[in-house]
Each structure stands twice: as structure tokens, then as C-alpha cells.
Ligand code: ACO
């Protein structure tokens with residue numbers, strides 16, 4: 001039975017680091033409020049002229065290097081992003097060109113903060129179906145471009161960055177003891193559109209728009225829906241929360257992450273946390289967390305990882321994989 005196994009991870013964070021204190025003379029906010037309400041201490045912002053594809057290319061190169069796989073061995077590139085360089089072509093084809101690839105196929109996938117989980121599920125399905133042997137899955141965002149800098153309820157939360165994972169087909173025996181992606185669980189419910197959206201677009205205002213969020217309502221949905229999807233994915237994999245070695249959550253807010261871990265009866269020692277240093281990087285947050293923890297050597301062969309995320313849509317989901 002074909003499985004998609006992780007061959008390598010990589011990431012890129014822009015050089016410009018913005019501490020919470022940066023906002024203090026611009027808005028009625030404080031380092032203390034941001035830290036205690038969100039767990040965020042700093043975030044990275046892309047330099048002027050630096051585009052989402054630039055971040056994605058650098059993360060992709062790092063993941064390919066780690067995997068020891070050349071770009072021309074990749075069959076498909078999927079970029080999860082809500083902040084593309086242009087309306088089209090896709091960021092993925094720009095990454096493809098940036099890596100010097102002349103073959104394969106590339107496309108973007110948009111599920112906001114759940115984008116990377118959706119992209120992993122897509123790549124897994126393609127590998128299982130025999131459509132691809134090796135897939136480069138990237139989450140890349142420049143949310144600093146869609147912030148309303150007068151809205152203290154949103155602009156302090158987000159950062160820019162990119163993470164990438166190289167997946168490769170491998171034969172398994174179809175049991176939960178296999179390595180690679182074991183199960184995925186995707187959900188969306190469009191009736192919650194107004195909780196989290198960008199108020200612009202080519203077919204509405206003709207502008208890029210700014211992010212709008214009813215944070216406390218998104219918070220409540222997140223706490224309830226993230227643990228549910230993680231439990232469902234574990235169930236599909238024939239596993240229970242007791243089998244989980246690492247929770248790799250979307251890094252939006254430390255309090256959401258703690259509440260999800262509690263609902264799954266997981267100690268915080270089993271949770272990968274990067275929210276303090278990265279802020280919310282939307283679709284890039286999970287591959288960034290995966291790559292940072294991988295670089296620190298935290299994952300051991302056989303470890304069970306659960307990645308989960310929720311974002312605009314609402315769209316949410318999870319992936320269970322064995323390292
Ligand atoms: N500094 C100081 N005060 C603030 C700030 C700030 N930066 N932001 C909001 N406040 C104030 C509010 O105005 C409000 O004041 P009031 O009581 O006088 O009206 C007070 O703090 C409480 O506001 P809440 O919104 O209730 O605060 P809450 O504890 O819910 O925290 C937060 C807000 C951090 C946004 C939280 O709701 C959250 O993290 N929500 C989820 C965000 C998320 O996960 N988004 C999903 C992913 S993003 C994506 O998909 C693109």
C-alpha cells in the first residue's frame with residue numbers, strides 16, 4: 001500500500017524581526033497584552049519587494065537540501081497561500097521556475113490557515129493514487145501585506161514566513177505501524193465567512209483588502225473544532241491520543257493551543273511551539289514548526305505527529321503521520 005513519507009523539511013524567515021514593543025508607540029497596545037493574550041513575542045516581516053514566492057523558493061531549497069533530492073526529481077509543487085504575489089500565475093509555478101524545474105506540475109491551494117493541512121492531504125491523495133512520486137508541499141505567506149495597521153485586534157497577531165516538506169511515495173503494509181501520512185481529516189463551513197475574511201479582491205473591490213476578524217468568536221470555534229478534527233483523524237488512523245508523540249498545531253494563539261492539548265489530554269511537553277517567535281504565519285505556520293522542530297532533532301523515527309489548523313472559511317482539518 002502506497003504511503004507518502006516525509007523525506008525532508010525546510011523553512012525561511014525574513015530577516016526583519018519585529019518585537020511586540022514596536023507596536024506600542026503606534027497603537028493603544030502593549031507587549032504585556034500581546035504576550036499574555038496570545039503568547040506572541042515577536043514576528044518576522046518581509047522586506048520591501050520581497051514576495052511570497054521568494055520566501056517559498058528559499059524554504060523549498062532548504063527542504064530539498066535536507067531530503068537530498070534534486071528539484072528535477074519533484075513531480076508536483078503545491079503552495080498553500082492566501083497572499084499570492086499576483087492574481088495569477090500561481091505562486092507554485094513561480095517556485096517551480098525559481099527552483100529551475102522544467103517538468104512536473106504546480107498549483108496553489110487556498111484554505112487560509114488550514115492551507116498546509118489541506119495541501120498535505122492533497123499531496124497524500126496524489127501519491128496514493130500514483131499521480132506523483134515526490135511532491136514538494138509549501139506553506140508561504142506575507143500577511144504583513146494585508147494588515148490594517150490601525151486595527152490592534154489583528155495587526156499584532158500575524159507574521160511572514162515559509163516552510164516546506166518533501167513527500168515521497170513508499171510501500172507500507174497499510175497498518176498504523178507504517179511511516180508516513182496515516183490519515184487526514186478536512187472540514188469547512190462557509191456560513192462562518194464573516195468571522196474571518198479579507199475585505200478586498202479582484203472580483204469585488206479590485207483592491208487587495210485588509211484582514212478582518214471577530215477574534216473572540218474564531219477563538220471559540222478553534223478550541224472546539226481543532227480537538228474534534230484531531231480525534232477524528234487519529235480514529236481513522238486506528239490510533240488514540242495516547243499514541244501521539246507530538247502535536248504540531250497551527251500557531252495562532254498559545255491559549256488556543258493549550259486548550260486543544262488539554263482536550264486531547266496531551267501534556268504541553270508534547271506540543272511544538274513556535275508562536276512566540278513567529279506569530280501567526282497562516283498556512284506557513286505548521287511547516288515552519290515542523291522544520292524548526294526537525295532541525296532541533298526532536299522527532300525520532302516511529303514518532304506519531306498530529307498537525308491541526310483552523311482559519312478563514314471557516315476551514316479546518318488535521319493530518320496524522322508517523323515520522
Ligand atoms: N492590545 C490591547 N488591547 C486589545 C488588543 C491589543 N492588541 N486587541 C484587542 N484588544 C482589546 C479589545 O479591544 C477588547 O477591549 P474592550 O473589552 O475594551 O472591548 C479586549 O482587548 C478584549 O478583546 P477580545 O477580542 O475579547 O480579546 P481576546 O482575549 O479574545 O483576544 C485575540 C483577542 C488574541 C484576537 C483572540 O481572540 C484570538 O487569538 N482569536 C483567534 C485568532 C485566530 O486563531 N485566528 C484564526 C487563524 S487566522 C487565519 O485563518 C488567517
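Taking every pair of alpha-carbon atoms in the range 58-157, what share in percent sits in each 5 Å bin, from 0 to the bin with the longest distance?
For the range 58-157, the binned pair fractions read 2, 13, 21, 22, 19, 10, 6, 4, 2, 0 percent.
Taking the radius of gyration and the Kirkwood hydrodynamic radius from Cα positions alone, what is the Rg/Rh ratio for the range 1-98, to two decimal places?
Using Cα coordinates only, the ratio equals 1.09.
For the residues 147, 264, 1, what sequence is obtained by ranking on other C-beta atoms within 10 Å, fewest first? All intermediate terms of the calculation are to be shown ahead of the outcome.
On the way: 147 16, 264 21, 1 10.
Ascending number of Cβ neighbours within 10 Å: 1, 147, 264.
Among 224, 168, 296, what is the fewest-to-most ranking by other Cβ atoms within 10 Å? Display every interim value, and only then the final one.
Values: 224 13, 168 21, 296 9.
Fewest-to-most ranking of 224, 168, 296: 296, 224, 168.
Under a GNM of the chain (C-alpha, springs under 10 Å), which listed residue has the highest mean-square fluctuation: 272, 202, 135?
202
Under 10 Å, Cα contacts only: if you run a Gaussian network model on the chain, which one of 26, 66, 236 comes out with the highest mean-square fluctuation?
Fluctuation is largest for 26.
So how far, in whole Å, is the C-alpha centre of the range 280-323 from the one of the range 1-54?
Centre-to-centre distance over Cα atoms comes out at 16 Å.
Determine the relative contact order of the range 180-322: mean sequence separation of Cα pairs under 8 Å and six or more apart, normalised by residue count, in whole percent. Write down the numbers at each step before the final one.
Numbers: 248 pairs, mean separation 54.0, N = 143.
For the range 180-322, the relative contact order is 38 percent.
Provide the three semi-axes, in whole Å and in decreasing order, of the ellipsoid equivalent to the range 2-171 as defined by the square roots of 5 times the Cα gyration tensor eigenvalues.
So the three semi-axes of the range 2-171 are 33, 15, 14 Å.
How would you rank 88, 116, 143, going from fewest to most other Cβ atoms within 10 Å of each one's own Cβ?
Numbers: 88 10, 116 37, 143 29.
Neighbour counts put them in this order, fewest first: 88, 143, 116.
Please compute the Kirkwood hydrodynamic radius over the chain, one decimal place, Å, based on all pairs of different Cα atoms.
For the chain, inverting the mean 1/r across all distinct Cα pairs yields 19.3 Å.
Using alpha-carbon pairs under 8 Å, 6+ residues apart, how would you state the relative contact order of the range 2-171 in percent?
So the answer I get is 35 percent.
What is the distance in Å between the Cα centres of the range 106-123 and the range 68-94?
With the range 106-123 and the range 68-94 each reduced to a Cα centre, they are spaced 11 Å.
Helix-only estimate, please: 222 nm mean residue ellipticity of the chain, summing -39500 (n - 2.57) across DSSP H runs of length 4 or more and dividing by its residues, to the nearest 500.
Computed ellipticity for the chain at 222 nm equals -9000 deg cm²/dmol.
Relative contact order (percent) for the chain, with alpha-carbon contacts under 8 angstrom and 6 or more residues of separation?
26
Compute for the range 180-322: radius of gyration divided by Kirkwood radius, i.e. Rg/Rh, restricted to C-alpha atoms, rounded to two decimals. Write out the running numbers ahead of the final one.
Details: Rg = 15.7 Å, Rh = 15.7 Å.
Rounded to two decimals, Rg over Rh is 1.00.
For a quick check, take a GNM of the chain with Cα springs below 10 Å and name the residue from 50, 110, 191 with the largest mean-square fluctuation.
Highest fluctuation of the listed residues: 191.
Throughout, read-outs are computed from the coordinates displayed, never taken from laboratory work. Remember, predicted model here, so these are calculated numbers, not experimental data. Every residue, glycine among them, receives a Cβ derived from its backbone with ideal geometry; neighbour counts consider all protein chains shown.
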